[in-house]
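Asker: Before I ask anything, let me first share the structure, which is written out below as structure tokens.
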Amino acid sequence: MTYKIWIQEYIKHPLALGALFPSSASLGSLMVKHIDADTIGPILELGPGTGSFTKALLRKGINENNLVLVEQSQEFVNLLKGFFPKATIVCGDVRQISQISSELGINQFDEIVSGLPLNAMGAAVRRGICNDSFSILKPRGSFVQVSYIPICSIPKNVIDNYSAEKKYCGVTLTNMPPAFVWRVTKPKRMLNDE
Ligand SMILES: C[S@@+](CC[C@H](N)C(=O)[O-])C[C@H]1O[C@@H](n2cnc3c(N)ncnc32)[C@H](O)[C@@H]1O
């Protein structure tokens, strides 16, 4: 059933999905490896699709009530609402993530997990989404991003802008296609903070 919806969505929006198959459980585990099970603040997932990374967060012991999922496909949103009834699930465009988070009354997220096909988006869109996401990420929180090419898709100028630290987390070959993961962590404080 999940794969049937995936294929229907892929036929409609191949670039928005970016992959012919949903993410594997091993990729999900790699994406959330760094996240502390004791995280108590909200965790934002961008482009959750069929929920492979969401399931990995729950396997880690994260409280479902703390999850905020932003997905543009109504079909995936319907599926996610069935899988994760306690999570906050928004059908929306992550290019509006600042507005979405302010409407939810959330100023800062503890962690951000992204399955967005950032490489398939234009440079300006990629930069805008990453900049806005870092602005609502708490100090010492991480933005973790999957990539289907061995290049980090979080733009260097955004990383530099936030004096953030980039770390390569590894590759999983048991995903179709093989997937690379990078994590960018915000510093404890920005240089211009009080
Ligand atoms: C590679 S898929 C994620 C796959 C997911 N990890 C899974 O296993 O199902 C990328 C997802 O990002 C969503 N997406 C793409 N652009 C988006 C946007 N601008 N706003 C919100 N969601 C978006 C797509 O609809 C798709 O569900």
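The values are calculated or read from the model by the stated rules, or taken from the named source; none is laboratory data. Note that this is a predicted model, so its numbers are computed, not measured. Heads up, the Cβs are rebuilt from the backbone with ideal geometry, glycines too, and the neighbour counts pull from every protein chain shown. Just the protein is used for accessible areas: all its heavy atoms, side chains included, with ligands, DNA and RNA removed. Shrake-Rupley method; radii C 1.70, N 1.55, O 1.52, S 1.80 Å.
Asker: Can you pull out the residues in region 1-24 that are part of a loop (DSSP other than H, G, I, E, B) and not hydrophobic (A, V, I, L, M, F, W, C)? Let's see the steps before the verdict.
Answerer: To start, the set of residues in region 1-24 that are part of a loop (DSSP other than H, G, I, E, B) comprises 1, 13, 18-24.
Correct list: His13, Gly18, Pro22, Ser23, Ser24.
Asker: Determine the pairs where a residue that is at positive phi, located within region 137-165, has a partner that is more than 16 Å from the ligand (Cβ to nearest atom) with Cβ atoms under 8 Å apart, the partner being 6 or more residues away or on another chain.
Answerer: Arg140/Thr185; Arg140/Lys186; Arg140/Pro187; Arg140/Lys188; Ser163/Pro187; Ser163/Met190; Ser163/Leu191
Asker: Out of the residues in region 57-98 meeting the condition of being among the aromatic types (Phe, Trp, Tyr) and assigned to a helix (DSSP H, G or I), tell me which one is most open to solvent (accessible area, probe 1.4 Å). Break it down stepwise before answering.
Answerer: Within region 57-98, the first condition is being among the aromatic types (Phe, Trp, Tyr), and the residues that meet it are 76, 83-84.
Among the residues that remain, those that are also assigned to a helix (DSSP H, G or I) are: 76, 83.
On the way: Phe76: 4, Phe83: 79 Å².
The residue in question is Phe83.
Asker: Out of region 25-56, which residues are assigned to a loop (DSSP other than H, G, I, E, B), more than 8 Å from the ligand (Cβ to nearest atom) and polar (S, T, N, Q)? Write out each step before concluding.
Answerer: Step one: of region 25-56, the residues assigned to a loop (DSSP other than H, G, I, E, B) are 33-42, 47-51.
Those left that are additionally more than 8 Å from the ligand (Cβ to nearest atom): 33-42.
Result: Thr39, single match.
Asker: If I ask for residues that are open to solvent by 10 Å² or more (accessible area, probe 1.4 Å) and closer than 19 Å to Lys86 by Cβ, which ones from region 25-40 would you list?
Answerer: The first filter runs over region 25-40 and keeps only residues open to solvent by 10 Å² or more (accessible area, probe 1.4 Å), leaving 25-26, 29-30, 33-34, 36-40.
Answer for region 25-40, where residues must be open to solvent by 10 Å² or more (accessible area, probe 1.4 Å) and closer than 19 Å to Lys86 by Cβ: Ala37, Asp38, Thr39, Ile40.
Asker: Right, next: With the requirement that a residue be part of a helix (DSSP H, G or I), in contact (Cβ under 8 Å) with a residue 40 or more places away in the chain and under 23 Å from Met176 (Cα atoms), what does region 99-130 give you? Give the derivation first.
Answerer: In the first step, residues of region 99-130 are kept if they are part of a helix (DSSP H, G or I); the result is 99-104, 118-120, 123-130.
In the following step, the residues that additionally are in contact (Cβ under 8 Å) with a residue 40 or more places away in the chain were identified as 101, 119-120, 129.
Within region 99-130, Asn119, Ala120 qualify.
Asker: Considering only residues of region 119-130 that are near the ligand (Cβ under 9 Å from one of its atoms) and closer than 15 Å to Asn157 by Cβ, which is surrounded by the fewest Cβ atoms within 10 Å (Cβ to Cβ)?
Answerer: Looking at residues that are near the ligand (Cβ under 9 Å from one of its atoms) and closer than 15 Å to Asn157 by Cβ, I get Val125.
Asker: Test of understanding: among Ser153, Ser133, Ser114, which residue is within 22 Å of Gly170 (Cα to Cα), more than 9 Å from the ligand (Cβ to nearest atom) and open to solvent by less than 20 Å² (accessible area, probe 1.4 Å)? Write out each step before concluding.
Answerer: On the way: Ser133 fails: within 22 Å of Gly170 (Cα to Cα); Ser114 fails: more than 9 Å from the ligand (Cβ to nearest atom).
Exactly one of Ser153, Ser133, Ser114 is within 22 Å of Gly170 (Cα to Cα), more than 9 Å from the ligand (Cβ to nearest atom) and open to solvent by less than 20 Å² (accessible area, probe 1.4 Å), namely Ser153.
Asker: While we're here: Kindly provide the set of residues from region 139-150 that are out of contact with any Lys or Arg (no Cβ under 7 Å at 6 or more places or on another chain) and exposed (fewer than 14 other Cβ atoms within 10 Å of the Cβ), ordered by number.
Answerer: Passing the criteria: Ile149, Pro150.
Asker: Determine whether region 5-19 contains at least one residue that is surrounded by 15 or more Cβ atoms within 10 Å (Cβ to Cβ), more than 26 Å from Pro178 (Cβ to Cβ) and in contact with a helix residue (DSSP H, G or I) (Cβ under 6 Å, 6 or more places away or on another chain). Give the derivation first.
Answerer: From region 5-19, those surrounded by 15 or more Cβ atoms within 10 Å (Cβ to Cβ) are 5-6, 9-10, 16-19; that's our starting set.
In the following step, the residues that additionally are more than 26 Å from Pro178 (Cβ to Cβ) were identified as none.
No: region 5-19 contains no residue that is surrounded by 15 or more Cβ atoms within 10 Å (Cβ to Cβ), more than 26 Å from Pro178 (Cβ to Cβ) and in contact with a helix residue (DSSP H, G or I) (Cβ under 6 Å, 6 or more places away or on another chain).
Asker: Where residues in region 1-19 are near the ligand (Cβ under 10 Å from one of its atoms) and among the aliphatic types (A, V, I, L, M), which of them is farthest from Thr50 (Cα to Cα)?
Answerer: Taking the candidates together, the pick is Leu15.
Asker: What pairs can you find where one residue is in region 7-19 and within 17 Å of Asp93 (Cβ to Cβ), the other is of a type outside the set (Asp, Glu) and not in a helix (DSSP H, G or I), and their Cβ atoms are less than 6 Å apart, with a gap of 6+ or different chains?
Answerer: Close Cβ pairs satisfying both conditions: Glu9/Ser73; Gly18/Pro117.
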